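The values are calculated or read from the model by the stated rules, or taken from the named source; none is laboratory data. In this text, all values refer to a predicted model and were calculated from it rather than measured experimentally. For neighbour counting, all protein chains shown are included, and Cβ atoms are generated from backbone atoms with ideal geometry for every residue, glycine included. SASA here: full protein model, heavy atoms, side chains in, ligands and nucleic acids out. Shrake-Rupley method; radii C 1.70, N 1.55, O 1.52, S 1.80 Å.
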Amino acid sequence: MATLVLDNGAYNAKIGYSHANVSVIPNCQFRSKTARLKTFTANQLDEIKDPSGLFYILPFQKGYLVNWDVQRQVWDYLFGKEMYQVDFVDTNIIITEPYFNFTSIQESMNEILFEEYQFQAVLRVNAGALSAHRYFRDNPSELCCIIVDSGYSFTHIVPYCRSKKKKEAIIRINVGGKLLTNHLKEIISYRQLHVMDETHVINQVKEDVCYVSQDFYKDMDIAKLKGEENTVMVDYVLPDFSTIKKGFCKPREEMVLSGKYKTGEQILRLTNERFAVPEILFHPSDIGIQEMGIPEAIVYSIQNLPEEMQPHFFKNVVLTGGNTLFPGFRDRVYSEVRCLTPTDYDVSVVLPENPITYSWEGGKLISENDDFEDMVVTREDYEEHGHNICEEKFDI
């Protein structure tokens, strides 16, 4: 019996058989403005000749799966002959969903997996539970960890003790990668170039140039300096999709500090945007979102737990999700949590090698467990008891 592990994120789906490797594939459909009628699914994105003004059709809104037609088409493609050639009669699936997912969405998920695709057995689980499983497997002496999962739609902070989540201390911050990209689009459109339709391009800009500042005001002062002294300033060459397929940063020595470029490339000059955008993860109030930043929320979450457990959580903070890849992210989380924590507690913040696929790897490990069979709901169970058995078994 094969097991397919699918970490079904709002931006990327991380998918692969438990005996093989993982692929990271966009979990959405695209329309390009040149070929309006044709819809591209998942990683057919690479076939689009001119991805400027790319139109995204997302299955997720605000972090929850609401657009089933799109999700079905993406799954049909992933499970189909072009990709994984899933033989449903002989396959189990481990699939992730958000914390406190709505019951109606959970029921639709059961129906689609069992009745339409007819998987033999299903395990629905939070991505954080898989990350925690992986962490406990790597660090067998630890009993507690706190998973910070900063993804596309929002950031969750979830303490796990002996692989059970502590529901009373879960925190969600409504800031994720989507909001950061949209904010960067707004700033650039306001300051220099109208890019509100260029989600794809600006998302690439964000990944290439943004970083988390260790000292916000110091970097702000540097960003105001003129010429050579301004080490924050970068010039980003925008793609034109004929000669330049992908945007890139101009090397420091080729930058023209005063005057125009002769080369005719389209240039974005970025200064404080580089660190002001990721700063929203640490101070959502900067753009009027009345919530805690990540370090404050970590400390607040741990303080909601029994006192004797608190030191164990502080020394096992695990960062997962795409936003943790900003340079400087881990160091900033560490230094701020350290400042907010009593001195007699140790603080340790771990950034795994690949924070995006970390929970997928946890799913791979769970499928190899001896008690895996007790965790899943089989098709027979489902046909006999319906949604109730899923509600009992899956702790979402």
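Computed quantities for the displayed model
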{"item": "Within region 185-221, considering residues that are aliphatic (A, V, I, L, M) and under 24 Å from E296 (Cα atoms), the one most open to solvent (accessible area, probe 1.4 Å)", "result": "M220"}
{"item": "Flag for Y217 being in the same structural domain as K246 (by the TED database) and either aromatic (F, W, Y) or within 19 Å of P98 (Cα to Cα) (or both)", "result": "yes"}
{"item": "Residue in region 109-124 that is surrounded by the most Cβ atoms within 10 Å (Cβ to Cβ), counting only those that are without any contact (Cβ under 8 Å) to a residue 60 or more places away in the chain and in contact with a Phe, Trp or Tyr (Cβ under 6 Å, 6 or more places away or on another chain)", "result": "L113"}
{"item": "Pairs, first closer than 19 Å to K164 by Cβ in region 293-313, second part of a helix (DSSP H, G or I) and open to solvent by 10 Å² or more (accessible area, probe 1.4 Å), C-beta under 7 Å, six or more apart", "result": "I302/Q310; N304/E168"}
{"item": "Residue in region 234-243 that is open to solvent by 80 Å² or more (accessible area, probe 1.4 Å), over 30 Å from E47 (Cβ atoms) and more than 29 Å from the chain's Cα centre (by Cα) present", "result": "no"}
{"item": "Residue satisfying condition, being of a type outside the set (D, E, K, R), more than 30 Å from D46 (Cβ to Cβ) and open to solvent by less than 40 Å² (accessible area, probe 1.4 Å), within set A132, A127", "result": "A132"}
{"item": "Any chance V349 is free of Cβ contacts under 8 Å to residues at least 60 places away in the same chain and among the aliphatic types (A, V, I, L, M)", "result": "yes"}
{"item": "E265 surrounded by 14 or more Cβ atoms within 10 Å (Cβ to Cβ), in contact with a strand residue (DSSP E or B) (Cβ under 7 Å, 6 or more places away or on another chain) and outside the structural domain of V201 (by the TED database)", "result": "no"}
{"item": "So Y334, is it crowded, with 17+ Cβ neighbours inside 10 Å, closer than 27 Å to L123 by Cα and out of contact with any Ser or Thr (no Cβ under 7 Å at 6 or more places or on another chain)", "result": "no"}
{"item": "Any hit, region 288-306, residues being crowded, with 20+ Cβ neighbours inside 10 Å and either not in a helix (DSSP H, G or I) or not assigned by the TED database to the domain that holds F136 (or both)", "result": "yes"}
{"item": "Listing of strands (runs of 3 or more DSSP E) fully contained in region 1-92 that carry 1 or more residues being aromatic (F, W, Y) and open to solvent by 30 Å² or more (accessible area, probe 1.4 Å)", "result": "12-17, 55-57"}
{"item": "Residues of region 161-197 that turn out to be farther than 30 Å from F136 by Cβ and not in a helix (DSSP H, G or I), as a count", "result": "6"}
{"item": "Qualifying residue in region 93-103 (condition: of a type in the set (S, T, N, Q), closer than 30 Å to R31 by Cα, in contact (Cβ under 8 Å) with a residue 12 or more places away in the chain and not in a helix (DSSP H, G or I))", "result": "yes"}
{"item": "Given (1) assigned to a helix (DSSP H, G or I); (2) open to solvent by 20 Å² or more (accessible area, probe 1.4 Å); (3) more than 27 Å from Q204 (Cβ to Cβ), number of the condition E253 does not satisfy", "result": "(3)"}
{"item": "Matching residues in region 227-250 - criterion: being in a loop (DSSP other than H, G, I, E, B), in contact with a Leu (Cβ under 8 Å, 6 or more places away or on another chain) and modelled with pLDDT under 90", "result": "I244, G247"}
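The rows are residues; the columns are (1) of a type in the set (D, E, K, R); (2) closer than 16 Å to Y17 by Cα; (3) in contact with a Pro (Cβ under 7 Å, 6 or more places away or on another chain); (4) assigned by the TED database to the domain that holds D240.
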residue: N67; (1), (2), (3), (4): no, no, yes, no
residue: G80; (1), (2), (3), (4): no, yes, no, no
residue: F88; (1), (2), (3), (4): no, yes, no, no
residue: E97; (1), (2), (3), (4): yes, no, no, no
residue: I105; (1), (2), (3), (4): no, no, no, no
